[in-house]
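Below: one structure, written as structure tokens.
Just so it is clear, none of the values below were taken in a lab; they were calculated from the coordinates. Values in this document were obtained by computation on a predicted structure and should not be read as measured data. FYI the Cβ positions are ideal-geometry reconstructions off the backbone, even for glycines, and counts take in every protein chain you see.
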Amino acid sequence: MTATQTAASRQIDNDNELMDTNLRSRAERVIPGGMYGHLNAKALPPGYPQFFERAQGCRVWDVNGREYIDFMCSWGPVIAGHKHPGIEEAARRQASLGDCMNGPTGRLVELAERLVGMLPHADWAMFQKNGTDATTTALTIARAGTGKRKILLAKGAYHGAAPWCSPSVAGVTAEDRAHLIYFAFNDVASLEQAARQAGDDLAAILVSAFRHDLGVPQELPDPAFARKARELCDARGAALVLDEVRAGMRLSLSGSWEGLGVRPDLAAWSKAIANGYALAAVTGNDRYRRAAQQIYITGSFWMGGVAMAAALATLDVLERSNAVEHFENMGLRLRLGLQRQADKYGLPLKQTGPVQLPSVMFEQDADFAKGSLFAAEALKQGVYLHHRHNMFLSLAHSERDIDLALQVTDHAFSKVAAL
């Protein structure tokens, strides 16, 4: 490359660098805070892009033109890979016919049939757009079906962004959470105490498929804890509600707790069920069918045919691809590789939870300084990680992609070791 070409290349890089900065500045003027929620790059280590231009497979490109191996998968919704050709074709085919119309398309019935056929606990399904829609709808059905009010949920668990469950207290009243009682995930005694506190007014136990609280070690469910939740609900006539929004279809295609021998009465789904198209669902058993009929819930876009067509194609792809085994294999390859590197540099590492939803943090890192440096250094070399939130794997992640990422993380570990 000549000096002139090098100068021109630098100018292009500088111009591109301004694009994200310019968009952030413009956003500040027209969007409160410039951005909001978990998609806000201000909460990430320095250097993280806020705006993205395109995506393909397991890679994303920011507006500056930089390419990254993506281990966030749009914070979970992308399970088959960005722009999976079969799923995109199904969505395009439905879009050419219609999406938001005076009533649903036949895809509504087909998708409900498909979920009922896949999920042993499910006798019916209803659809929404976001995970918060699904968890809120499930609890509304539980209260309608039991005539009771109290909801038990794990302290620190994330179930959405409505006032009853938002991590923020701004704009939230005490009344919004008046009937919530908290327990500690995987702590049977704590769960039993919360049930006693609810007395005869227990409507539901709401529990995540696994513990995935932000910034703390992840936990798979203890079988004894899961069985106790089921037992308490049965004894008290309450609904066991499983929040599958984050884990759904990555741990199992038949329900995340099916392997534990514990089936929920109701389950809330979103994220991965349509590979990035906006869709959520509640599935339930016949005990709560009448309650689901009685409540009034709706949304202007909830019956959109395109997302449902994408969901049907997504489920096809997952079943054909032996998806869960692929996620486990790629997740284990990543976990073992990271552990070897951490051992090499003498850095105690905490890798917790299911391997297909990786959580990677450092020991003795209360302020996340090590994790922030590690993630920022990986980002510079084209690997998009998160230092506090669990990450996600997709069908598009291959052994080669994992190995390329591990080349980068080795460099990032060296930077942390030099602290």
> Pairs of lysine in the chain with Cα under 24 Å and at least 8 positions apart or on different chains: total?
Replying inline: 21
> How big is the C-alpha Rg of the range 85-320 next to the rule-of-thumb value 2.2 N^0.38 Å, as a ratio?
Replying inline: 1.00
> If amide H atoms are built 1.01 Å from N in the plane of the peptide, which residues on other chains or at least 5 residues away come under 5 Å of the amide H of LYS350?
Replying inline: MET361, PHE362, GLU363
> In degrees between 0 and 90, to the nearest 10, how far off the longest principal axis of the chain does helix 323-344 point, with axes built from Cα atoms?
Replying inline: 50 degrees
>> Report the Cα-based extents of the range 379-419 along its three principal axes, largest first, to the nearest Å.
In response: 35, 23, 14
> Using Cα atoms only, what is the angle between the long axis of helix 305-320 and the major principal axis of the chain, expressed in degrees (0 to 90) to the nearest 10?
Replying inline: 80 degrees
>> Whole-Hz ³J(HN,Hα) for each residue in the range 402-419, computed from phi via Karplus 6.51 cos²θ - 1.76 cosθ + 1.60 with θ = phi - 60°, x for glycine and proline: what do you get?
In response: 4, 5, 5, 5, 5, 4, 6, 5, 4, 5, 5, 4, 4, 5, 5, 4, 7, 4
> Angle, helix 85-97 long axis vs. longest principal axis of the chain, Cα atoms, 0 to 90°, nearest 10?
Replying inline: 60 degrees
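Take the Cα radius of gyration of the chain and divide it by 2.2 N^0.38 Å, with N its residue count; two decimals is plenty. Could the numbers behind the result be given before it?
On the way: Rg = 22.3 Å, N = 419, 2.2 N^0.38 = 21.8 Å.
Expressed relative to 2.2 N^0.38 Å, the Cα Rg reads 1.02.
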> Considering amide H positions built from the backbone, and no H for Pro or chain starts, which residues 5 or more places from ALA281, or on another chain, come under 5 Å of its amide H?
Replying inline: GLN128, TRP269, SER270
> Which of these, LEU39, LEU253, LEU232, has the largest mean-square fluctuation under a Gaussian network model of the chain (Cα springs below 10 Å)?
Replying inline: LEU39
> What is the range 120-243 by shape, rounded, prolate or oblate, if you read a ≥ b ≥ c off the alpha carbon gyration tensor as root eigenvalues and call it rounded for a/c under 1.5, prolate for a/b larger than b/c, and oblate otherwise?
Replying inline: rounded
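How long is the gain from ALA189 to LYS415 if the chain were fully straight, where each residue apart is worth 0.36 nm and the alpha carbon distance is subtracted? Kindly include the intermediate steps, with their values, before the conclusion.
Values: separation 226, 0.36 × 226 = 81.36 nm, distance 4.31 nm.
Separation in residues times 0.36 nm, less the Cα-Cα distance, equals 77.0 nm.
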> Among THR135, MET391, LEU111, which residue has its Cα positioned farthest towards the positive end of the charge dipole of the chain, with +1 placed on the Cβ of Lys and Arg, -1 on the Cβ of Asp and Glu, and the dipole taken about the Cα centre?
Replying inline: THR135
